[in-house]
């Protein structure tokens, strides 16, 4: 019994002084791996509010709205996304991430298509979830606020709702 207690006490001491991480991620859970990712080794959250007013070059009159949450991995190679919209004129026929100066007139070319991730509910609602293996150039554009996501419908083939991704503070 004394030997078991001694091993337990040494283990607890190692945890107390930070020698053994409790969260299992191997980095102690605070501050990441100390790399030069520019974000302290932590994932970076982004969000977007989608609306017809944000569509370009011509805003779309629609009651549809949407939201998105996004996470850029600590090593800045993957962007996970969870985007949804409600009140659309119909099912989403296409969905993309595009390049654009934040809110600028004119739409940029698609840089990543998420159409295959779309799940329509048949009542003007949709969701898309997945992961984009993002390039370093697109990470730079993301950090500048120059990437947006939009949903296209039959009634609005150029896009019904759109929103630029912005870093959460």
So if each residue of separation counts as 0.36 nm, and I subtract the Cα-Cα distance between residue 89 and residue 133, what length gain in nm does that give? 12.8 nm
Computed over the Cα atoms of the range 41-167, what is the convex hull's projected area averaged over all directions, in nm²? 6.5
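Coordinate-derived values only; no laboratory data. Computed from a predicted model, the values in this text were never measured in an experiment.
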